[in-house]
Every structure is written in C-alpha cells, then in structure tokens.
1. Return a yes/no flag: does the range 119-141 have any residue that is open to solvent by 10 Å² or more (accessible area, probe 1.4 Å), over 20 Å from L18 (Cβ atoms) and at pLDDT 95 or above.
2. Taking the criterion of being open to solvent by less than 80 Å² (accessible area, probe 1.4 Å) and more than 19 Å from the chain's Cα centre (by Cα), would at least one residue in the range 42-62 satisfy it?
3. Could you tell me which of the residues V142, V161, V129 is assigned to a loop (DSSP other than H, G, I, E, B) and either within 30 Å of Q80 (Cβ to Cβ) or touching a residue at least 24 places away in the same chain (Cβ under 8 Å) (or both)?
4. Yes or no: L113 closer than 22 Å to L172 by Cβ, modelled with pLDDT of 95 or more and surrounded by 14 or more Cβ atoms within 10 Å (Cβ to Cβ)?
5. Go through the range 173-197 and give me each residue that's in a strand (DSSP E or B) and either loosely packed, with under 14 Cβ neighbours inside 10 Å or touching a Cys at 6+ places or on another chain (Cβ under 7 Å) (or both).
6. When you scan the range 64-97, how many residues do you find that are exposed (fewer than 12 other Cβ atoms within 10 Å of the Cβ), in contact (Cβ under 8 Å) with a residue 40 or more places away in the chain and not in a helix (DSSP H, G or I)?
Amino acid sequence: MEQANEPAAIEPACLERLLKRQPRLRSHQQLYPYAHGHFDGLCGLYSALNGLRLLSAECRKPLDDAQCETLFRDGIRWLQDRQRLSDALRYGLRMRSWVALLKRLTSRAARMLGLDIVVERPFRGLKAVPLGLIVEATAQAVQDRKPVLLLLKGAYGGYTVVCGVSPARLRLFDSYGRSWIRIRSCLPAAKGRAPRHQIDVASITFLAA
C-alpha cells in the first residue's frame with residue numbers, strides 16, 4: 001500500500017524542540033545493517049531489507065536472518081525475471097525499479113509478520129523541496145518510528161536508510177557502513193558549487209506499520 005501526502009510545515013520553535021530531542025529509532029542500536037559487496041550496485045535492495053528490519057524491530061516483530069534471506073532471494077528473482085539484475089549489479093537501480101522492488105518486498109514482509117505496512121512517499125513527483133522541510137519531515141517520521149529510505153547523490157552515491165536526526169546530522173543505517181552525514185553538507189557550497197551530498201527528493205520514503 002502506498003500513500004503520497006506532502007507533510008505540512010511545522011512552526012520553527014516546534015522543529016527546534018523536535019531536533020533537540022534527537023529522534024532516533026531504538027532498533028538501530030540492536031542491529032547491524034546488512035552490507036553489500038564492494039563490486040555490486042545492490043544498495044537499493046539492501047536499503048529495502050535494512051529499512052524493513054528496522055521497522056519490524058520497532059514493531060517488536062523482528063525479521064530474523066532466515067526471513068531476510070528469503071526476502072533477498074525474492075528480490076534477486078524479481079530483478080532476474082525483469083532482466084534488470086545485470087544492470088543493477090553494475091550501475092544500481094533506477095528509482096522506478098527501486099520503488100517497485102521496495103513495494104514487492106514490503107508486501108512479502110507484511111505477510112510474513114502479519115503487519116499492515118504502508119509505503120509513504122511524501123514528496124513523490126516533486127523535484128525541489130527546501131532542505132528544512134526535508135529535515136523536518138524526516139525527523140517527524142523517525143519520531144513516529146518510521147525508517148526513512150532515500151537516494152543520496154554526490155559524494156555518497158546510493159540508496160540508504162535514515163534512522164536518526166540531530167540538529168547537525170542525519171544518522172544512517174547504511175549498507176556501505178556509513179554512519180552519518182552533516183545536514184549542512186546538503187546545502188549548496190560556496191561559489192555556486194553543488195552540495196557535497198544531494199538528497200533525491202522524490203526518492204524519500206517512509207515505512208510505517
């Protein structure tokens with residue numbers, strides 16, 4: 001099931017209080033993210049698995065390794081059946097394929113766990129959203145115990161999962177082993193240079209149950 005409701009902005013004072021709480025998913029302290037290999041581009045598949053693991057643990061119905069292996073194999077078969085595995089290994093997944101794969105794995109995980117899992121894409125179809133609104137929506141989602149999946153471009157290219165937010169950083173649960181990025185590094189650099197990290201707005205996805 002997918003929802004697409006753009007979040008309304010909250011008052012600056014409320015946002016400041018929210019960020020001061022440094023919301024984070026408790027489950028990330030009990031789990032290590034699954035990591036993909038050095039020579040494959042399957043971060044899209046791993047971000048889906050890692051996001052679902054966090055959500056299931058938040059719901060106190062954690063996916064075990066055998067269930068995750070089943071989901072992984074299903075994801076590989078899905079890519080093979082659509083003749084996308086070779087390109088995914090070499091170049092990574094296009095967003096449309098990633099969203100379809102995420103929905104597929106979410107549906108299967110929901111049946112495994114007996115949960116109603118919703119895929120929320122608050123900025124679907126948008127190309128430009130103020131960074132403040134992105135941080136605000138991400139912090140609120142994490143506060144509501146929702147893992148946040150997104151595509152990073154720039155210095156860190158690939159799909160990842162955000163599991164916590166502070167006034168200065170986004171904390172990652174990442175298949176590359178990265179722990180965080182600075183929020184200010186997502187702003188345009190001096191002299192009009194591109195930001196070090198670029199968040200693909202349309203990719204931002206919340207998993208809710």
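1. Checked against the condition, which is being open to solvent by 10 Å² or more (accessible area, probe 1.4 Å), over 20 Å from L18 (Cβ atoms) and at pLDDT 95 or above, the range 119-141 yields at least one hit.
2. Kept after step one, since they are open to solvent by less than 80 Å² (accessible area, probe 1.4 Å), are these residues of the range 42-62: 42-59.
Next, only the ones that are more than 19 Å from the chain's Cα centre (by Cα) stay: none.
No, every residue in the range 42-62 fails to be open to solvent by less than 80 Å² (accessible area, probe 1.4 Å) and more than 19 Å from the chain's Cα centre (by Cα).
3. Values: V142 fails: assigned to a loop (DSSP other than H, G, I, E, B); V161 fails: assigned to a loop (DSSP other than H, G, I, E, B).
On inspection, the qualifying residue turns out to be V129.
4. Working: closer than 22 Å to L172 by Cβ: no; modelled with pLDDT of 95 or more: yes; surrounded by 14 or more Cβ atoms within 10 Å (Cβ to Cβ): yes.
For L113, the condition - closer than 22 Å to L172 by Cβ, modelled with pLDDT of 95 or more and surrounded by 14 or more Cβ atoms within 10 Å (Cβ to Cβ) - is not met.
5. Quick first cut of the range 173-197, residues in a strand (DSSP E or B) only: 180-182, 197.
Result: R182, H197.
6. Matching residues across the range 64-97 total 0.
Conditions tested, residue by residue: (1) touching an Asp or Glu at 6+ places or on another chain (Cβ under 9 Å); (2) at positive phi.
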site	(1), (2)
A141	yes, no
P147	yes, no
L150	yes, no
G157	no, no
V161	yes, no
D174	no, no
G177	no, yes
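The values are calculated or read from the model by the stated rules, or taken from the named source; none is laboratory data. As the structure is a prediction and not an experimental result, all values here were calculated from the model. Heads up, the Cβs are rebuilt from the backbone with ideal geometry, glycines too, and the neighbour counts pull from every protein chain shown. The accessibility values were calculated without ligands, DNA or RNA, using every heavy atom of the protein model including side chains. Shrake-Rupley method; radii C 1.70, N 1.55, O 1.52, S 1.80 Å.
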